[in-house]
Amino acid sequence: MSKSSPAAEAARRRTFAIISHPDAGKTTLTEHLLLAGGAIRAAGAVRARGENRRTRSDWMKIERERGISVSASVMTFDHDGLMFNLLDTPGHEDFSEDTYRTLTAADAAVMVLDAAKGIEPQTLKLFEVCRLRDIPIITFINKMDREALDPYALLDEIGTKLALDPAPLFWPAGSGNRFRGMLDVRHKTFLPYAKKSATDEEQGHPAPVPINSNAIVQYLDPEEQAEVEESAELVTEAGKPFDPQAFLEGHMTPVFFGTALRHFGVDQLLEGLGAYAPAPKLTAVRKGEAETHVAPGDDEVTGFVFKVQANMDPNHRDRIAMLRLCSGSFKRGMKLKVQNTGRQLSVNAPIMFFASDRELAEEAYAGDVIGIPNHGVLRVGDSLSETGTLRFAGLPNFAPEILQRVRVKDPLKAKHLKKALEGLAEEGVTQLFRPTLGADFIVGAVGQLQFEVMADRLANEYQLDVIFEPSPYAEARWLSAEPADMDDFTGKHRTAIAEDIDGQAVFLAKSAWEINYLGERFPKVRFLKTKERG
Ligand code: G4P
């Protein structure tokens with residue numbers, strides 16, 4: 001196998017996402033992982049970049065106003081012979097489908113827990129998506145520099161709430177003001193915790209030097225030493241030892257402790273990601289009617305679009321489609337075909353996203369994410385390959401939980417509105433339904449925040465002042481049936497039938513009860529809560 005064969009290159013990729021409840025420290029950890037990986041020099045650079053981006057163009061004022069990251073992005077860095085691709089999943093309470101879809105592009109996830117809070121509601125929700133997709137999880141228990149819950153209680157929570165076997169690779173000595181460091185359970189060394197000074201920040205956070213157990217006395221008093229050694233022993237005896245295979249199969253999670261803010265435990269986490277997180281694996285695809293799979297080392301370049309991001313420049317309507325590569329050796333200028341439309345595009349200006357910059361990607365491999373600028377040709381869920389015959393499954397649209405009617409204040413701009421709404425729906429910001437009767441548009445979203453993002457973007461990018469009004473609908477379901485049954489059903493419920501952006505029939509219901517009721521009366525019609533595109 002030559003050094004740069006697609007299989008060898010894929011084997012050194014680690015593509016992962018961070019999941020957490022808001023405030024657990026995802027942004028801080030992202031920043032410090034980039035520091036640990038040598039991708040940035042000083043903490044604060046991720047935010048600084050964000051600020052820069054915002055001053056260059058304030059297309060997402062809302063991001064600044066609410067102080068949250070609305071759009072997911074990817075950051076790539078090369079460290080220790082490995083290429084890390086960190087996918088950023090928006091972590092706010094009111095997340096959108098973007099979050100779910102981003103996880104479809106990840107091979108592993110880091111679950112960040114606040115040591116004082118344990119597993120919070122959003123962690124659980126995101127964890128469930130990971131489990132659905134068999135994504136192995138590494139746990140990082142953050143904020144050990146504050147008073148923490150008992151580490152046993154935290155492990156217990158992982159075991160009971162997530163049904164995962166926790167395998168601590170480190171064991172903390174104290175927390176908060178009494179945080180002394182942690183024992184490396186596997187190597188029986190101790191990592192002393194020292195608060196970092198301003199000079200350390202400038203020098204790029206020197207990693208703590210592990211010391212052997214004889215020297216622990218310099219850092220812990222005898223009581224503390226006995227306590228940490230006893231607990232570490234107890235936990236290794238009582239729990240199962242870390243088994244990489246069980247982790248890859250999703251039964252076990254290796255547990256790391258630390259404090260992202262103080263850059264402690266972060267180097268160990270990155271090392272753990274390198275050592276244990278999986279390289280890209282086989283991906284299931286459909287080829288015609290056949291179910292098959294692509295392997296990272298296959299010759300043909302293949303991938304799927306998991307996100308479409310509006311260009312940062314509001315004066316251009318360009319979109320950047322984020323393509324997760326699944327196989328082959330991609331070269332700039334290559335022609336790829338979109339499976340569902342048969343359209344071919346020359347990928348002349350693919351972008352890779354490095355922490356401080358974006359660069360043209362000359363080559364990329366399975367696990368990498370490249371941004372493809374285009375004018376709305378590429379949509380979320382599109383499958384791209386050299387032959388154009390492969391279709392990746394499993395990129396779902398979720399039935400929206402909120403449905404609203406949208407109108408533009410200036411009636412002369414109605415045509416404009418249609419185009420704008422279609423653009424946003426293609427990006428996956430919101431879903432668009434056009435009732436077969438009447439001229440209104442109904443927009444759907446999983447969370448209220450998506451409407452705010454939408455109103456903001458319509459005003460800033462399209463100069464459209466819109467009003468959202470309540471709609472009579474509470475639920476939307478995609479319809480699936482034989483043509484005769486479909487005609488029968490839609491004919492009898494014409495006022496509640498709409499088309500989505502792909503022209504697929506959707507039933508708009510006033511309540512969940514109505515769907516159950518009609519489901520019984522029309523057993524040959526399926527009312528689907530998710531739609532898989534591709
Ligand atoms: P999020 O992306 O998961 O929402 O969390 P974020 O990193 O923004 O962190 C939330 C708050 O927790 C921030 O404080 C951050 O500084 C703090 N934090 C993160 N990691 C640690 C840690 O290891 N120890 C301690 N003590 N704090 C931590 P903030 O006051 O809300 O924001 P900021 O003003 O510091 O930016």
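The values are calculated or read from the model by the stated rules, or taken from the named source; none is laboratory data. All figures in this text were calculated on a predicted structure; none of them were measured in a lab. Reconstructed Cβ throughout: ideal geometry from the backbone, glycine too, with neighbour counts over all protein chains shown. These accessible areas exclude ligands, DNA and RNA; they are computed on the full protein's heavy atoms, side chains included. Shrake-Rupley method; radii C 1.70, N 1.55, O 1.52, S 1.80 Å.
Could you go through region 130-137 and let me know if any residue there is within 15 Å of the ligand (Cβ to nearest atom) and at negative phi.
no
Please go through (1) under 21 Å from Gly258 (Cα atoms); (2) within 15 Å of the ligand (Cβ to nearest atom); (3) open to solvent by less than 10 Å² (accessible area, probe 1.4 Å) for Glu120 and return the number of the only condition it doesn't satisfy.
(3)
Yes or no: region 480-502 includes at least one residue that is among the basic types (Lys, Arg) and under 32 Å from the mean Cα position of the chain (by Cα).
So far as region 480-502 goes, no, none of its residues is among the basic types (Lys, Arg) and under 32 Å from the mean Cα position of the chain (by Cα).
I need the helices (runs of 4 or more DSSP H) fully contained in region 56-163, keeping only those with at least 2 residues that are among the acidic types (Asp, Glu), modelled with pLDDT of 95 or more and assigned by TED's automatic domain parsing to the domain that holds Gln448.
Answer list for region 56-163: none.
Taking Ala393 as meeting all but one of (1) at pLDDT below 90; (2) open to solvent by less than 10 Å² (accessible area, probe 1.4 Å), write down the number of the exception.
For Ala393, the exception is condition (2).
So that you can scan it fast, the table gives a plain yes or no per residue for (1) modelled with pLDDT of 90 or more; (2) in the same structural domain as Arg526 (by TED's automatic domain parsing); (3) of a type in the set (Gly, Ala, Ser); (4) farther than 30 Å from Gly371 by Cβ:
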| position | (1), (2), (3), (4) |
| --- | --- |
| Thr389 | yes, no, no, no |
| Ala425 | no, yes, yes, no |
| Leu449 | no, yes, no, no |
| Ser471 | yes, yes, yes, yes |
| Ala474 | yes, yes, yes, yes |
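Does any residue in region 262-279 that is closer than 13 Å to Thr15 by Cα come within less than 7 Å, Cβ to Cβ, of a residue that is part of a helix (DSSP H, G or I) six or more places away or on a different chain, and which pairs are these?
Leu270/Leu33; Leu270/Ala36; Tyr276/Pro244; Tyr276/Phe247; Pro278/Leu248; Ala279/Ala10; Ala279/Ala11
Give region 138-175 a look and list any residue that's open to solvent by less than 10 Å² (accessible area, probe 1.4 Å) and of a type in the set (Val, Ile, Thr), or say none.
Ile138, Thr139, Ile141, Ile158
Considering only region 470-496, state which residues are under 15 Å from Glu401 (Cα atoms) and of a type outside the set (S, T, N, Q).
Answer for region 470-496, where residues must be under 15 Å from Glu401 (Cα atoms) and of a type outside the set (S, T, N, Q): Pro470, Pro472, Tyr473, Ala474, Glu475, Ala476, Arg477, Trp478.
Please verify whether Glu482 is in the same structural domain as Asp410 (by TED's automatic domain parsing) and modelled with pLDDT of 90 or more, treating the condition exactly as stated.
Spelling it out, Glu482 is indeed in the same structural domain as Asp410 (by TED's automatic domain parsing) and modelled with pLDDT of 90 or more.
If you take just the helices (runs of 4 or more DSSP H) that sit entirely in region 440-534, which of them hold at least 3 residues that are open to solvent by less than 20 Å² (accessible area, probe 1.4 Å)?
448-462
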